[in-house]
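Quick one: structure below, then a few questions.
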Amino acid sequence: MRVRPLPAHDCDDDFTAPEERQAHRPSQATVGLMVPAWGAAQGQGVSALTTSGARDHTPETRIDRASPGGSKGETEVDLGLGGKVALVTGGSKGIGRACAERLAAEGCDVMLVARTAADLEEAATAIAAASGRRIETCATDLRSAQGCEAAVGALKHAFGRLDILVNNAGATQSGDFFALDDEVWQDGFALKFYSYVRMSRALWPLLKEAHGAVVDVIGGASKTPNANFMIGGAVNAAVTNFTKALAELGLRDGVTVNAVHPGMTVTGRLDTLLDQRAATAGLIRAAFEKQELAHSGLRRYGQPEDVANLVAYLASPLAEQVHGADLFVDGGATKTIL
């Protein structure tokens, strides 16, 4: 575990975000949902997005015609995440890192959890420099109960509280059903299913106290079985069922719980998956990608930031009425109704 102190400048000042994000963000971390100005002017849109109860927050709105990242006449909404504490598993790379970056940009202090200390070190340094927030890390393997206990202990030692849990760790192997033995299946469930269960259970008292939020990043395979992705589909379906049931407890305890299902998103994990599927299909990688995009009708593969934007919203007080939902960030790839 490593503590990242705040940079010398005050965290409420303007800061420079990572290159892949917009070059400038307004003060008070008012980045986020872009709503046409006419809605705010007429008392509609963002001005109506208020909540009540323990997570009560009236979003700050303003017209910003000079923001390089937005269009003239748009309104920026403060998601109300300033000063919150978030824990993101699988937070050193890909979607998890993008979620951590976005939450920190919105004013959260963040605990990053992943297996590789060097990757965590690099991510924490970059996120702290860009956001001015306190970023801590815990290098542990969430496949085991002991690994999950280490992450929970690190969070309690560093912050003593938690507002947002983003369960994101987990990768499963694809391939020929008859070539995947029990050990591979067990490994797939160990990291993604059991870590989500263990982390949610252990951190629930803190989330209940804070009237916080759980966002489980799962995957579209939960709804679309595929013979070459049986482990991933089965694990994702199990996590989706678990998340829906957890949302029932959330109604009782005041914790918002939702599931996010990314589609084909450009990460190192996607590279590995495409290599595996191309090999299974007997095609070179480029030909397989072209075939897959044409078959799905997608305009493009997703970016980690596409998922992070939704995760940040769901973690915010603005999404209090969005509860127990399955939300897809896949460009329309998933065609199922339920």
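Here, each number is a calculation from the coordinates, and none is a lab measurement. Please read these numbers as outputs of a predicted model, since none were measured by experiment. Cβ sites come from the backbone with ideal geometry, for glycine too, and all protein chains shown count toward neighbours.
Count the lysine pairs in region 85-329 whose Cα atoms lie under 19 Å apart, taking only pairs 8 or more positions apart in sequence or on different chains. Before the final figure, lay out the partial values.
Working: K93/K192; K156/K208; K192/K223; K192/K244; K208/K244; K223/K244.
Pairs that pass both the separation and distance tests number 6.
Taking amide H positions as placed 1.01 Å from N in the peptide plane, with prolines and chain starts having none, which residues 5 or more places from R134, or on another chain, fall under 5 Å of its amide H?
When sequence neighbours closer than 5 places are left aside, the close amide H contacts are V110.
Counting other beta carbons within 10 Å of each residue's own, what order do V88, V215, V255 fall into, fewest first? Please list the in-between numbers first.
Working: V88 33, V215 28, V255 25.
Arranged by neighbour count, lowest to highest, V88, V215, V255 become V255, V215, V88.
Between F229 and residues 5 or more places away or on another chain, which pairs have amide H atoms under 5 Å apart, with H built 1.01 Å from N, and which residues are they?
Hits under the 5 Å cutoff: G175.
So, one more: Over region 74-163, what portion of Cα pair distances is larger than 17 Å, expressed as a whole percent?
That fraction is 45 percent.
If you don't mind, there's one more thing I want to ask. What percentages, rounded to whole numbers, describe P(r) for region 261-320 computed over all alpha carbon pairs with 5 Å bin width beginning at zero?
4, 16, 22, 21, 14, 9, 7, 5, 2, 1
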